[in-house]
Structures are given as C-alpha cells and as structure tokens.
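S.K.: One structure coming up, written as structure tokens, with questions to follow.
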Amino acid sequence: MISIDSSTILATLVCFQLSLGIICYGLSRQASDIQGVKLIAVALLAGSIGLSLIGARQYLSANIWIIAGNGFYLLALYLTWGGIRRLHGRPVLWPLTWLILFAAESALTWLLLAESTLQPRIILMSLAAALGCFLCGLELYRWSKRPLSAMILLTISGFTADFLAQISRTLLAYFHGAQDRTLFEVSPLGAAALIATSVAHLVWNFSLIGLISELSHLTMQELANTDPLTGTANRRHLMDRLNHAFHPLDAKEPFTLLLIDLDHLKQINDEYGHDAGDHILQLVATEISCNLRKDDVLGRLGGDEFCVLLQGRTEDEALIVAERIRQQISASRWQVGDTLISPTVSIGVLPIAPDANMTQVLNEVDARLYTAKQTGRNRVASIPRAGTTGDTPD
C-alpha cells in the first residue's frame, strides 16, 4: 500500500499548463501566420481549468464539478489534436471532436447519476484520454516534412508515453477495481501510473511549445526569404543561394542559370492595370515552378525578371527546360477581367564553370537574355549577339 498526494501533483500540472498556455498565446500573436497555435493555447488553458477542478474534487462534492473537470481535460486533449492538424495544414475534424466529447461526457453523466463506483468512471475517462493522445501522436507521425525533427519526435514520445500510461490506468482499474476516491492512493502500481502520466503530460506540453517556437522561427525565416507577390525566393535569398553555388566547397556539381523576363509587362500594366500585371507574374512563376526539380532554385530578381538555378544540368538539358517553359507560357491563355491574355517570356541560358565569378556570370546571362529580346522576344538564347550590352529592353 502506498499513499501519494495526487492533488499536489495535479496542482503542479495546473501551474505548468497555465504558464505554457500563456506562453503559447503569446506565440500565437507573434506567429499569426501559423495556423493552429491559438487553438493549442486555448487547449492548454482549458486543460489547466480541467486539472484544477479534478484536483479540487474533494472540496467540490457536486457531480457537476466532476463532469466539468473531466470535460475540460478531454476538451484540452482534443483541441490539441485539432491544433496539431492545423499546424500540419489539415482541417480540424470538428464533428468527430464534438461527437467524442459528447459521448464521453454523456457516459460519465449517466454513471454519476446511476451512482456507480469509481471503477467504470476511471476506465471511461482513461480510454477517452488515451484515444486523444493516440490521435495527437498519430497526427505528428504523419507530418509531411521528413525527416521528422527532434522536437516532433520528442512530442510524439510524450504522447506515446501518456497513451501507455492511460491504458495502464484502465487495466489497473479493470483488474484491481477502485473503491476509494482515487485509485492512486490505494495501489503502488496506481501511484506509478499517476507519476508516469504526469511526466508524460509535461513532456508533450513542453515539447509542443518547443515545436511551435521552432515552426515560428522557420516561418519567419521563410517570410524573410520569400518574394511576397510570387512566393518564389526573393532577390536577397536568391543571391545567397548563388553565392553558395559559386563557393568552391559547395560547387559539387555543375549548374546552369536561366534568366527569364516576362515580355511587355509595362504594356500589360498600362493597358489592364497593375493588379493584372501582378496576377500574370504570379501565373508565370507557377508555370516555371511546374517545370523544375525539387533541388532547383527559382527566385524573382525584381520587376519582370526571374532567375532559375538548375542543379546538375548540362547546357543541353537546361535548353530543353527553358524551351519547355517558353512553350507552355506562350500557349497559355489567362483570364484577366473580361480579356484573355497570352503572355510570352524571353530566356537567357548560361552554363556555369566551377571557377566562375558571380558578377561576370550575371552579366553574361543578362547578355543572353538581351539577345532573346532583341531577336524578337518569346525566344531562348544561349549565345549572346555581338555588342549586347546595356539595359535589357522591356
């Protein structure tokens, strides 16, 4: 026989979860672009309310407080599941969430009204909590970004441990029964289950906050590196990638540059408005992206110019890619207001030598683009014309 002060443990969990909820809410204000953070913050705060009511059950004898405490606790778990789905870019399954919560709370209410023993109530709530932990861990395991980060693996471990502890609690209640106010004050195994559940609960709470902080940092980094109009790399990030490519230690394979210019963008802006021009730029960026490999880099240099870094491509292969991009854009008919626009692009292609100078390379590929535009636009050029210097025409 062992006695453990479960109320003190629950009070400790309440303090930690309340603090983490406040931290998470602060992160949600900073990381407004990350879906799901605010939902997890609400979940943590709901969990602290639920644990508070569960811990104060000896002072609150009315059944309504037992129902409310367990309800808030389960609500926290399933809101966490929904928040993780939102972090993953997936929708919250609200009908299923409310169905599970309604079923669990209805069954608990019926057991309390029937004045049942503690045993079936522990089994019911432990199974409902185990299901919530399982769903959270499964959603993290299905994370699309592979390999999974250390923080995601730690969070999965916390949910897995909590799931196993809840299942253990269910089995203990089923095989050993529970006649007292709490199973954890009459059984050494029960006390161990309480401690295991508490530790696991803290692990996934802390690691979930760490995961949100990690995602927030990655999101801000991505925003700093992304052109807001087209979603491609911005000029600064593109120059960084080019600098790495020109570095002798990083230049492990040959690469080729494409300089792509949207023909007559100024005319499109003047005739249809800048919103139309922006829309065409977005569509062109999407069309280019569809023809690239995962390791290739697409960035917008500014205005109507895009630059593509083709990794490990020979000049002949790069010319095939460039011609395919040109043909697909030229064959497109894009709706702008009541008008169909058929834009075209001119492309300069330049294979890069390992010992090349970046400034010289950019000038040379710009000369090839100039050639494509001077010879009629809607062309791909890999050889500059004599005397191709100066600004590229619109």
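S.K.: Take the residues in the stretch 1-52 that are more than 18 Å from L218 (Cα to Cα) and in a loop (DSSP other than H, G, I, E, B), then tell me which one is modelled with the highest pLDDT.
M.R.: So the residue we want is D5.
S.K.: Given (1) aliphatic (A, V, I, L, M); (2) surrounded by fewer than 20 Cβ atoms within 10 Å (Cβ to Cβ); (3) free of Cβ contacts under 8 Å to residues at least 60 places away in the same chain; (4) part of a helix (DSSP H, G or I), where does M151 come up short, assuming only one miss?
M.R.: With respect to (1) aliphatic (A, V, I, L, M); (2) surrounded by fewer than 20 Cβ atoms within 10 Å (Cβ to Cβ); (3) free of Cβ contacts under 8 Å to residues at least 60 places away in the same chain; (4) part of a helix (DSSP H, G or I), M151 is out only on (3).
S.K.: Sticking with this one: Could you list, ordered by first residue, the pairs with Cβ atoms under 6 Å in which the first is in the stretch 353-368 and under 16 Å from L238 (Cβ atoms) and the second is surrounded by 14 or more Cβ atoms within 10 Å (Cβ to Cβ), at least 6 apart or interchain?
M.R.: M358/L242; M358/F246; V361/I352; V365/L257; V365/L259; V365/G348; V365/L350
Table: residues versus (1) touching a Leu at 6+ places or on another chain (Cβ under 6 Å); (2) not in a helix (DSSP H, G or I).
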| position | (1), (2) |
| --- | --- |
| G82 | yes, no |
| R90 | no, yes |
| L96 | no, no |
| W110 | no, no |
| E115 | no, yes |
| R121 | yes, no |
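S.K.: Sticking with this structure for a sec: Given (1) under 14 Å from S346 (Cα atoms); (2) in contact (Cβ under 8 Å) with a residue 60 or more places away in the chain; (3) of a type outside the set (S, T, N, Q), where does L301 come up short, assuming only one miss?
M.R.: Failing condition for L301: (1).
S.K.: Now for a different question. Looking at the stretch 299-327 only, could you name the residues that are surrounded by fewer than 22 Cβ atoms within 10 Å (Cβ to Cβ) and part of a strand (DSSP E or B)?
M.R.: Result: L301, G302, E305, Q311.
S.K.: Okay, moving on. Restricting to the stretch 359-394, what's the tally of residues that are modelled with pLDDT under 85 and surrounded by 15 or more Cβ atoms within 10 Å (Cβ to Cβ)?
M.R.: 3
S.K.: Condition test on V284, is it buried (at least 16 other Cβ atoms within 10 Å of the Cβ) and closer than 19 Å to L350 by Cα?
M.R.: no
S.K.: What are the residue pairs meeting all of these: first residue in the stretch 252-266, first residue crowded, with 20+ Cβ neighbours inside 10 Å, second residue at pLDDT below 90 and among the hydroxyl-bearing types (S, T, Y), Cβ atoms under 9 Å, and 6 or more apart or on different chains?
M.R.: Cβ pairs passing all conditions: T256/T314; L259/T392; D261/T392.
The values are calculated or read from the model by the stated rules, or taken from the named source; none is laboratory data. It should be emphasised that the depicted structure is a prediction, and the values quoted were computed from it without experimental measurement. Cβ coordinates were reconstructed from backbone atoms using ideal geometry, including for glycine residues, and neighbour counts include every protein chain displayed.
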